[in-house]
Amino acid sequence: MPPLQLTSLLQTTLPHLSENGRAMLNALGCLNGRPPASNELALWLGFHDRYQFARAMRREGLPPLETLSGWARTLYWLLQSEASGATLRALAERDKMDPAVAYRLIRRVTGRRWSEIRREGLAGCLERFRDHCRSRAIRESPHHGVAPRPRAEPQRAARTAPPVNASLVSSSPSRPGGRLLCTLAERVPVPGAPFDVALTSTGTALVTRGHAAALDVLRFGPARVVRSIRVGPVPTRVVASPQGDFAYVTSQFSEAVDVVDLERGEQTATRHVDGHPLGAVLSSDGHTLYVSTNRDRLVAMALSRRSVVGDIAIPHGSPQLCMHPSGRRIYASGFRSGVVAEIEVPTLHLLRTFRLGGIVQEVAVSAEGRTLYAANESGWLDAIHLPSGHHSGRVQFGTAALGLAVSADQADVVVGLLHAGRVVVIDRETLAVRSTLHTGGKPRLMATLATGPVLIVNEAGWVDLLR
């Protein structure tokens, strides 16, 4: 998620930028001015290659990536220095950079010494940044205008993911109603840092590819990618319509929700929101999409009109949302303050706040609606008895937990351990660990098939099928 202060400063300084330009600034803000290689960044933002990316930057009147990232880095250091009083040497060493390199970077980009930049302050540095971009736009692009977002063909899934033991491979999902067998049955390569997965009523799965500006469609029997659909830069969460004909994708860097026609296989509309959209969940009637943003707001969007019909402040950001089976309450994880907020819908009224501590991530409610589960990046899983609001149990892992899912038969909770490359299957009744599976990579979010298996997205480049 892009840091709000830096990205807001960059965008406020250059308000004329198109969606492409804002996405570029968001990418720099996300990494505090230290982007990946230009070709990798181009794929993040949905360009064919670094050459198309460079041409788009010129059309926006922006300097080359190296210079632009230098400005972003300078502004980041200046923000940190003004907030904490830290010296440039201390800031550079904290970022594992030679202080001499940092001093030269600032002199080369701004034409001023760090001491001069520090005396002028943030306002002066932002004015220099704006003037630099403005003079470049006049000099190189006198007919500067807004360019449409590129529509690069996403990379097809390459067969590069680590193999699964052949003896575990199945040509179809496990039998309906059976308890999880705790085996990794199939693995589907999906490059481009996949993050989220959602199931459709037509029997397919949708996977967001955060570093490829694409949404992949998976079919089963055997599991495979059948289509890649281009969407906005850094797609995060995906929600399917009840009929399975549309999908709604939160696109962080374009600050929008993309509407995807799954039958046509293309993005057909975009709805912009205030801030970077993070979590998303659909109302039980399928008419309203609820979206959380990094401005600590929960937004209600009427899908028939594709307009925002209400919003509410939520505690300290919420990357994950889930709906209560009754359809009358939403649970939003506040990762910066270790809380989960319970919100009544459609009235958007805050009912309760559960204080769990740590860094709350994915949340899920059991089918009967009595227990809320919350994965915690500080190393545990919490269980909350919703009728009473009491904390009913905690399972310690000793490493970051992020994604979770409740099994189709409601007997187990599956939790992904992000940095350990493992998935843990926990008995719901006793909260005892039934099995630990080594997936490798970085297991992210999950979805449970009605037939039993659990799909586990792995940021390292694949989707696992857990039977």
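The values are calculated or read from the model by the stated rules, or taken from the named source; none is laboratory data. What you see is a predicted model, and the numbers here were worked out from it, not measured in a lab. Note that we place each Cβ from the backbone using ideal geometry, even for glycine, and neighbour counts take in every protein chain shown.
Figure legend. Inter-residue proximity from the range 445-467: first residues among the aromatic types (Phe, Trp, Tyr), second residues in a strand (DSSP E or B), beta-carbon distance below 8 Å, spacing 6+ or different chains. Indicated pairs: 462/187; 462/188; 462/189; 462/194.
If you go through the range 10-32 and keep only what is surrounded by fewer than 22 Cβ atoms within 10 Å (Cβ to Cβ) and either part of a loop (DSSP other than H, G, I, E, B) or touching a Leu at 6+ places or on another chain (Cβ under 7 Å) (or both), you end up with 11, 13, 14, 15, 16, 17, 18, 31, 32.
Could you check the range 355-389 and list, in sequence order, the residues that are in a strand (DSSP E or B) and of a type in the set (A, V, I, L, M)?
Taking the range 355-389 and keeping what is in a strand (DSSP E or B), we get 355, 360-365, 371-376, 380-385.
Across the range 355-389, the qualifying residues are 360, 363, 364, 365, 372, 374, 375, 381, 383, 384.
Screening the candidates 439, 451 for the property of being at pLDDT below 95, of a type outside the set (A, V, I, L, M, F, W, C) and closer than 23 Å to residue 225 by Cα yields one hit, 451. Taken over the range 43-59, the criterion of being touching a Pro at 6+ places or on another chain (Cβ under 8 Å) and not in a helix (DSSP H, G or I) is satisfied by 45, 46, 47, 48.
Within the bounds of the range 240-252, is there any residue that is assigned to a loop (DSSP other than H, G, I, E, B) and within 24 Å of residue 22 (Cα to Cα)? Explain how you work it out, then say what you get.
As a first pass, look at the range 240-252 and keep what is assigned to a loop (DSSP other than H, G, I, E, B): 241-245, 252.
Now narrow it down to the ones that are within 24 Å of residue 22 (Cα to Cα): 252.
Checked the range 240-252: at least one residue is assigned to a loop (DSSP other than H, G, I, E, B) and within 24 Å of residue 22 (Cα to Cα).
Modelled with pLDDT of 95 or more and among the basic types (Lys, Arg), is that true of residue 209?
Details: modelled with pLDDT of 95 or more: yes; among the basic types (Lys, Arg): yes.
Here the answer is yes, as residue 209 does meet what is asked.
From the list 284, 307, 228, which residue is at pLDDT 95 or above and either in contact with a strand residue (DSSP E or B) (Cβ under 8 Å, 6 or more places away or on another chain) or surrounded by 24 or more Cβ atoms within 10 Å (Cβ to Cβ) (or both)? Steps first, answer last, please.
Numbers: 284 fails: at pLDDT 95 or above; 307 fails: at pLDDT 95 or above.
228 is the lone residue from the list that is at pLDDT 95 or above and either in contact with a strand residue (DSSP E or B) (Cβ under 8 Å, 6 or more places away or on another chain) or surrounded by 24 or more Cβ atoms within 10 Å (Cβ to Cβ) (or both).
Report yes if residue 268 is without any contact (Cβ under 8 Å) to a residue 24 or more places away in the chain, hydroxyl-bearing (Ser, Thr, Tyr) and touching a strand residue (DSSP E or B) at 6+ places or on another chain (Cβ under 9 Å), otherwise no. Yes, satisfied. Which residues, taken from the range 364-422, are under 24 Å from residue 453 (Cα atoms), touching a strand residue (DSSP E or B) at 6+ places or on another chain (Cβ under 7 Å) and among the polar types (S, T, N, Q)? Listed by number, the residues that qualify are 366, 371, 376, 407. Within the range 392-408, the set of residues being part of a strand (DSSP E or B) and within 24 Å of the chain's Cα centre (by Cα) comprises 401, 402, 403, 404, 405, 406.
Of all residues in the range 33-42, those satisfying the criterion of being surrounded by fewer than 23 Cβ atoms within 10 Å (Cβ to Cβ) and farther than 14 Å from residue 74 by Cα are 36, 37, 38, 39, 40, 41. Among the residues of the range 206-230, none is identified as in contact with a helix residue (DSSP H, G or I) (Cβ under 8 Å, 6 or more places away or on another chain) and part of a strand (DSSP E or B). If only residues of the range 410-440 that are touching a residue at least 40 places away in the same chain (Cβ under 8 Å) and not in a strand (DSSP E or B) are counted, the one that is surrounded by the most Cβ atoms within 10 Å (Cβ to Cβ) is 439.
Can you tell me which residues in the range 196-234 are among the small types (Gly, Ala, Ser) and in contact with a Pro (Cβ under 6 Å, 6 or more places away or on another chain)? If the condition is that a residue be among the small types (Gly, Ala, Ser) and in contact with a Pro (Cβ under 6 Å, 6 or more places away or on another chain), then 212, 213, 214, 228 are the ones that fit.
Only one entry in 284, 318 is closer than 22 Å to residue 242 by Cβ, in the same structural domain as residue 377 (by TED's automatic domain parsing), in a loop (DSSP other than H, G, I, E, B) and in contact (Cβ under 8 Å) with a residue 40 or more places away in the chain, namely 284.
What residue, of 326, 333, is under 18 Å from residue 284 (Cβ atoms) and either in the same structural domain as residue 456 (by TED's automatic domain parsing) or under 19 Å from the mean Cα position of the chain (by Cα) (or both)? Don't jump to the end; show me each part of the working.
Values: 333 fails: under 18 Å from residue 284 (Cβ atoms).
The conditions single out 326.
Scanning the range 287-299 for residues that are under 15 Å from the mean Cα position of the chain (by Cα) and in contact (Cβ under 8 Å) with a residue 24 or more places away in the chain gives 291, 292, 294, 295.
Per the listing 368, 377, the residue uniquely among the acidic types (Asp, Glu), within 14 Å of residue 429 (Cβ to Cβ) and out of contact with any Lys or Arg (no Cβ under 8 Å at 6 or more places or on another chain) is 368.
What is the one condition in (1) at negative phi; (2) within 24 Å of the chain's Cα centre (by Cα) that residue 46 does not satisfy? Result: residue 46 fails condition (1) only. Can you tell me how many residues in the range 60-77 are in a helix (DSSP H, G or I) and closer than 17 Å to residue 14 by Cβ? The total comes to 11.
Only one residue in 216, 258, 245 is in the same structural domain as residue 453 (by TED's automatic domain parsing), under 18 Å from residue 308 (Cβ atoms) and among the acidic types (Asp, Glu), so which one is that?
On the way: 216 fails: under 18 Å from residue 308 (Cβ atoms); 245 fails: under 18 Å from residue 308 (Cβ atoms).
It is 258.
Of the residues contained in the range 349-371, none is found to be touching a residue at least 40 places away in the same chain (Cβ under 8 Å), in contact with a His (Cβ under 7 Å, 6 or more places away or on another chain) and within 24 Å of residue 29 (Cα to Cα). Residues in the range 259-277 that are under 15 Å from residue 208 (Cβ atoms) and modelled with pLDDT of 95 or more: 259, 260, 262, 267.
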